[in-house]
1. Those residues that are under 17 Å from LYS20 (Cα atoms) and among the small types (Gly, Ala, Ser), I need them from the range 102-142; list them, please.
2. Given the condition without any contact (Cβ under 8 Å) to a residue 40 or more places away in the chain, of a type outside the set (D, E, K, R) and touching an Asp or Glu at 6+ places or on another chain (Cβ under 8 Å), answer yes or no: does some residue in the range 132-140 qualify?
3. Taking the condition out of contact with any Phe, Trp or Tyr (no Cβ under 6 Å at 6 or more places or on another chain), of a type in the set (A, V, I, L, M, F, W, C), away from ligand 2 (no atom under 16 Å from the Cβ) and free of Cβ contacts under 8 Å to residues at least 12 places away in the same chain, does ILE100 pass?
4. Among the strands (runs of 3 or more DSSP E) lying completely within the range 40-87, list those that include at least 1 residues that are within 13 Å of ligand 2 (Cβ to nearest atom), in contact (Cβ under 8 Å) with a residue 24 or more places away in the chain and not basic (Lys, Arg).
5. Filter the range 143-173 down to residues that are of a type outside the set (A, V, I, L, M), closer than 17 Å to LYS20 by Cβ and assigned to a loop (DSSP other than H, G, I, E, B) and give me whichever is nearest to ligand 2 (Cβ to nearest atom).
6. Quickly run through the range 67-104 and pick out the residues that are away from ligand 1 (no atom under 16 Å from the Cβ), hydrophobic (A, V, I, L, M, F, W, C) and modelled with pLDDT under 95.
7. So, in the range 30-47, of the ones that are within 15 Å of ligand 1 (Cβ to nearest atom) and within 23 Å of VAL166 (Cα to Cα), which residue ends up modelled with the lowest pLDDT?
8. Please work out if VAL11 is at pLDDT 95 or above and within 15 Å of ligand 2 (Cβ to nearest atom).
Amino acid sequence: SESGKTYYRVVMIGEHGVGKSTLANIFAGLNTDCDVLGDTYERTLMVDGENATIILIDMWENKSGDDWIQDHCMQIGDAYLIVYSITDRASFEKASELRIQLRRARQTEDIPIILVGNKSDLVRCREVSVAEGRACAVVFDCKLIETSAAVQHNVKELFEGIVRQVRLRRDSK
Ligand code: GDP
Ligand code: MG
């Protein structure tokens, strides 16, 4: 059953240095014929026997420093990855702020969001526990996944997860 579009604009937001671009590069590198358009990457994934094309947008930290680009990012996503680093508490607090900002920008919509605790390989530098991440995800009604872009742990699962989140909402309509 084909209802609606099969491509999803997934926007990455989060503090500087948490690993957004590294995750995006892994996403793009998984496939040889992906299109790289600046900070936008396109790839088709087979998830649960059905193709989904993700357009991944990594332009939160725009070089120009124009505020309108961040406002624009808050508007254009079909789904969001709010990324923090488990080694950086400030980035975790920023993630909460961004969730609130996003909710405000898209009040009437039930937007799929995954809270992403990246750098899980840096166990000795951990400043945010898994339990804290989970608690935050419960409060913000979204999924949590811890990833390591450095050792490519849970990165595939992250992108499959966001496709499933979008489909869950699509299928319940
Ligand atoms: P961005 O500012 O959010 O785009 O972050 P970057 O992708 O530029 O990453 C910032 C720094 O963190 C870079 O030096 C990356 O190599 C490093 N980094 C990103 N992800 C990981 C990770 O999962 N583990 C470790 N150890 N380092 C990471
Ligand atoms: Mg970056």
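The values are calculated or read from the model by the stated rules, or taken from the named source; none is laboratory data. Values in this document were obtained by computation on a predicted structure and should not be read as measured data. Glycine also receives a Cβ, built like all others from the backbone with ideal geometry; neighbour counts cover every protein chain displayed.
1. Taking the range 102-142 as the starting set, the residues that turn out to be under 17 Å from LYS20 (Cα atoms) are 113-122.
Listed by number, the residues that qualify are GLY117, SER120.
2. no
3. Working: out of contact with any Phe, Trp or Tyr (no Cβ under 6 Å at 6 or more places or on another chain): yes; of a type in the set (A, V, I, L, M, F, W, C): yes; away from ligand 2 (no atom under 16 Å from the Cβ): yes; free of Cβ contacts under 8 Å to residues at least 12 places away in the same chain: yes.
Yes, satisfied.
4. On the way: elements: 40-47, 50-57, 79-85.
Fully inside the range 40-87 and qualifying: 50-57, 79-85.
5. THR147
6. Hit for the range 67-104 is TRP68, nothing else.
7. Quick first cut of the range 30-47, residues within 15 Å of ligand 1 (Cβ to nearest atom) only: 38-41.
Restricting the remaining residues to those that are within 23 Å of VAL166 (Cα to Cα) gives 39-41.
Working: ASP39: 86, THR40: 90, TYR41: 92.
In this case the residue turns out to be ASP39.
8. Numbers: at pLDDT 95 or above: yes; within 15 Å of ligand 2 (Cβ to nearest atom): yes.
Yes, satisfied.
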